[in-house]
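In what follows, a structure is listed as structure tokens, so that the remarks can point back to it.
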Amino acid sequence: MENHIQIRNLKVRIGSTEIIKNADINIPDGQVTAILGPSGCGKTTLLRSMNRFLDLTENSRVEGEVFLDGQNIYAPGVDVTEIRRRIGLLAQRPYSLPMSIYENVAYGLRIHRVNQSKNLKPIIRHYLELAGLWDEVKSRLSDPASALSIGQQQRLCLARGLALEPEVILADEPTSALDPISAQHIEGKLQELKEKYTIVLVTHTLRQARRLADHVVFMYLGEVVEQGPAREVFDNPQMERTKAYLQGSIG
Amino acid sequence: MVKSPEKVEDDHAREAGKVLASRQRAERRASFEFRALSTLPAALFVVILIVLLVRAWPILQQKSLVGLLLGDVWRPSEGQFGFLPFIAGSLWVTVLAMIFAAPVSILCAIFLSEYARPTTKALIKPLIDILAAIPSVVYGLWGVLVIVPWVQQSVGPALGRWFPFLPLFNSSNPTGYSILSGALVLAVMVVPFIIAISYEVMRTVPRGYHEASLAVGATRWQTVRYVVFPRVAGGLIAGVVLGTSRAFGETMAVLMVVGNNPIIPHSIFDAAYPLTALIANNYGEMMSIPLYDSALLASALLLMLIVLLFNVFAALALRRATAREQA
């Protein structure tokens, strides 16, 4: 089993606070890796280190290495826009861009000038179908995306990311802002998508992690406490803090 | 003697009732006072408008409105009061100033809100804000000492030489006291104002939109162009319109450098005579001339209505922009 992303000696400071202390993490290829832990333990920061989103945080300092297919994305001269094309992000709250539904999905293609000459319609349709939104929007593709419900917008964001054919999907509590039905919808999609993509999921719902994860990274106060195949970590945790978290006494 | 628990509770409740009544009285009084204080400025505006209207009334009765607005001869001693040269002067100076100021301000606001590092921002933003605090007479002096000679000696001859066929750049006025000088000084004065508004408008766009765009690998410029810009366009227009209204109403700095000659200009090197300068230069003098006082107040009324129009327009643009932001 190959590791799609390898994190070595990662230290992240924001201002004077050390958010992540020396993390070594392997994200296996073609699986769902769930990053678990109580609020404020650095889950989201860890996720944002994988698409260089920490660049956007003022006063952040990153040390260590993050390898994507063996290439260190923090090496000098790496093009972040290309990294972010290869690593999609599904954010906690959906932000549809101020344009039509159609243009939202086409956005990434236009940005990267992919398939500019071709008719994009079949491509847009494909990704909307993949995200499970096509049937709901096929008659109103030119409506502004802001007219969609929040659950639909999250699927639109998924389609927008998928349209660039990323290798990895980072999902940052992608269902936490959604109603139960929409959440189920997104979860189902992630389930399907893991056939083709490596998925890294930050979640604070243990049950969601149990349903989706093949691999688990458990973090506590900026440190990686335990990581391994989901079954082993859930059924037979090695560390005291993992046990306590799984039993619900911390977090 | 120790009070019984019931007695303690009774006393306590009675006390609370008294306090409640006095709290409600204070609340009613405060509410009345604040309402009165807030109504005052609004009432003041109406009073100024009425005063101007009353004082301008004599000339509005004797001359036709069209004749006043479109008349191009200003000879008060002969009873000729054409406002057109002044309206044209104000428009020329203001429009030219905005052509200089608007693009610079918006690009600067984009840089500050989207590109600048925190340290750069912390350095540049206060400096720009200070520009807005410089008294306008100082800008006027700077215009007289620097801009007017520069226009006279360098810009004027150069543009005249390069574009001899363009009437816009040709003039018989060799002094440098011109529309161009006025517009340059005005532009520098309104730039910090427009930057401040545009910057605040751009900062209202939630980070999530930037991130949604950056997450698919967009560059910062693409993000600004396709995601931020459509959301803030209305606010930016409002900023520019408010800047225009400010430039239109500015008096001191402009009248010091613009030449003050009541003719209809045809070139940016011609002298002009904006409405504001007309009032500031002449009110209080030669008041024995019939209708002169009334004519000046009519021009003040006109100035006020134009600026009011700009502000209403800006408010509408801003409201539309924020309404969409909340949708």
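The values are calculated or read from the model by the stated rules, or taken from the named source; none is laboratory data. It should be emphasised that the depicted structure is a prediction, and the values quoted were computed from it without experimental measurement. Heads up, the Cβs are rebuilt from the backbone with ideal geometry, glycines too, and the neighbour counts pull from every protein chain shown. Heads up: the accessible areas ignore ligands, DNA and RNA and are worked out on the full protein's heavy atoms, side chains in. Shrake-Rupley method; radii C 1.70, N 1.55, O 1.52, S 1.80 Å.
In table form, for the structure just shown:
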item: Flag if B:VAL190 is assigned to a helix (DSSP H, G or I), open to solvent by 60 Å² or more (accessible area, probe 1.4 Å) and closer than 21 Å to B:SER105 by Cβ; result: no
item: Answer from B:TYR199, B:TYR209 - the residue that is part of a helix (DSSP H, G or I), within 12 Å of another protein chain (Cβ to nearest Cβ) and more than 29 Å from B:MET256 (Cα to Cα); result: B:TYR209
item: Of all residues making up segment A:28-59, the number that are of a type outside the set (Ser, Thr, Tyr), within 14 Å of chain B (Cβ to nearest Cβ) and open to solvent by 20 Å² or more (accessible area, probe 1.4 Å); result: 6
item: Residue match in segment B:35-51 (condition: more than 30 Å from B:GLY243 (Cβ to Cβ) and either in a helix (DSSP H, G or I) or under 23 Å from the mean Cα position of the chain (by Cα) (or both)); result: yes
item: Pair list, Cβ under 6 Å, 6 or more apart: segment B:113-125 residue under 15 Å from B:SER198 (Cα atoms), other residue hydroxyl-bearing (Ser, Thr, Tyr) and open to solvent by less than 60 Å² (accessible area, probe 1.4 Å); result: B:SER113/B:TYR199
item: Test: residue in segment A:75-94 that is away from chain B (no Cβ under 13 Å) and touching a residue at least 12 places away in the same chain (Cβ under 8 Å); result: no
item: Helices (runs of 4 or more DSSP H) fully within segment A:73-137 counting 1 or more residues that are of a type in the set (Asp, Glu) and surrounded by fewer than 19 Cβ atoms within 10 Å (Cβ to Cβ); result: A:80-86, A:121-130, A:134-137
item: Of all residues making up segment B:217-260, the number that are more than 30 Å from B:GLY182 (Cα to Cα), open to solvent by 10 Å² or more (accessible area, probe 1.4 Å) and without any contact (Cβ under 8 Å) to a residue 60 or more places away in the chain; result: 7
item: Residue in segment A:60-72 that is nearest to the other protein chains (Cβ to nearest Cβ), counting only those that are hydrophobic (A, V, I, L, M, F, W, C) and surrounded by fewer than 22 Cβ atoms within 10 Å (Cβ to Cβ); result: A:LEU68
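For (1) of a type outside the set (Phe, Trp, Tyr); (2) away from chain B (no Cβ under 14 Å); (3) touching a helix residue (DSSP H, G or I) at 6+ places or on another chain (Cβ under 8 Å), each residue gets a yes or a no:
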site	(1), (2), (3)
A:HIS126	yes, yes, no
A:LEU130	yes, yes, yes
A:SER142	yes, yes, yes
A:ALA159	yes, no, yes
A:PRO174	yes, no, yes
A:ALA177	yes, no, yes
